[in-house]
Amino acid sequence: MASICEQEGPNPESKPLILMVKGAPERVMNMCSHVYSKGKNEPMTDEVREEMEKINEALAKRGERVLAFAQLELPRYTYYPGYVFDADSNPPNFPLTGLLLVGLVSLIDPPRMTVKPSILQCNEAGKLYNHISHTI
């Protein structure tokens, strides 16, 4: 998912727009050339990418849903007020590479209370179906 946002404050039309992207870490990291780390922007080296992939894998193994977030400043001299962004064109008329990876977020989304009984009900229905199909 991508959003292009105007910055707040006085004279927002003089400030760059911000392209913000969220999605699967492996896809978002492929769009990034830099990573925000320890208060500054660093190049996205193979070592940094490998470290991020390990973090993603560790969180996913714990059953957590991981999202990556990235951003890119879009200069106003190119993306002037009234510019029509076209995400449906191939390629889109704005960059989706050279982004700054700003972080990973993991979410815990436990199954609802009704999941276990529903699974049991499906298993029982499957057993009944197998029994009937074998007797016919």
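The values are calculated or read from the model by the stated rules, or taken from the named source; none is laboratory data. Every value quoted in this text rests on a predicted model; they were computed, and no experiment measured them. Quick reminder, even Gly has a Cβ in these numbers, built from the backbone with ideal geometry, and neighbours come from all protein chains shown.
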Which one of these does Pro91 not meet: (1) over 20 Å from the mean Cα position of the chain (by Cα); (2) more than 28 Å from Leu107 (Cβ to Cβ); (3) not basic (Lys, Arg)?
(1)
Tell me which residues, restricted to the stretch 24-53, are among the β-branched types (Val, Ile, Thr) and surrounded by fewer than 14 Cβ atoms within 10 Å (Cβ to Cβ).
Thr45
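For Ala70, are the conditions met, namely being modelled with pLDDT of 95 or more, surrounded by 12 or more Cβ atoms within 10 Å (Cβ to Cβ) and not acidic (Asp, Glu)?
Numbers: modelled with pLDDT of 95 or more: yes; surrounded by 12 or more Cβ atoms within 10 Å (Cβ to Cβ): yes; not acidic (Asp, Glu): yes.
So Ala70 fits the description; yes.
Among the residues of the stretch 54-67, what is the count of those that are out of contact with any helix residue (DSSP H, G or I) (no Cβ under 6 Å at 6 or more places or on another chain) and either among the acidic types (Asp, Glu) or crowded, with 16+ Cβ neighbours inside 10 Å (or both)? Give the steps one after another, and end with the answer.
Going through the stretch 54-67, the residues out of contact with any helix residue (DSSP H, G or I) (no Cβ under 6 Å at 6 or more places or on another chain) turn out to be 54-55, 57-65, 67.
If we keep only those that are either among the acidic types (Asp, Glu) or crowded, with 16+ Cβ neighbours inside 10 Å (or both) as well, we get 57, 59, 64, 67.
Total meeting the criteria: 4.
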Tell me, yes or no, whether the stretch 1-16 has at least one residue that is surrounded by 14 or more Cβ atoms within 10 Å (Cβ to Cβ) and within 11 Å of the chain's Cα centre (by Cα).
yes
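Anything in the stretch 8-41 that is of a type in the set (D, E, K, R) and farther than 26 Å from Leu107 by Cβ? List them, or say none. First the steps, then the outcome.
Of all residues in the stretch 8-41, those of a type in the set (D, E, K, R) come to 8, 13, 15, 22, 26-27, 38, 40.
Correct list: Glu8, Glu13, Lys15, Lys40.
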Taking the stretch 99-133 and the residues there that are among the hydroxyl-bearing types (Ser, Thr, Tyr) and surrounded by 10 or more Cβ atoms within 10 Å (Cβ to Cβ), the one that is modelled with the lowest pLDDT would be Tyr129
Selection status of Val21, part of a strand (DSSP E or B) and surrounded by 15 or more Cβ atoms within 10 Å (Cβ to Cβ):
yes
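Within the stretch 31-136, considering only strands (runs of 3 or more DSSP E) that don't extend past its boundaries, which have at least 1 residues that are on the phi > 0 side of the Ramachandran plot?
Details: elements: 32-37, 40-43, 65-74, 99-107.
The qualifying strands (runs of 3 or more DSSP E) are 99-107.
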Suppose the filter is in contact with an Asp or Glu (Cβ under 8 Å, 6 or more places away or on another chain) and under 20 Å from Cys5 (Cα atoms); does Arg65 pass it?
no
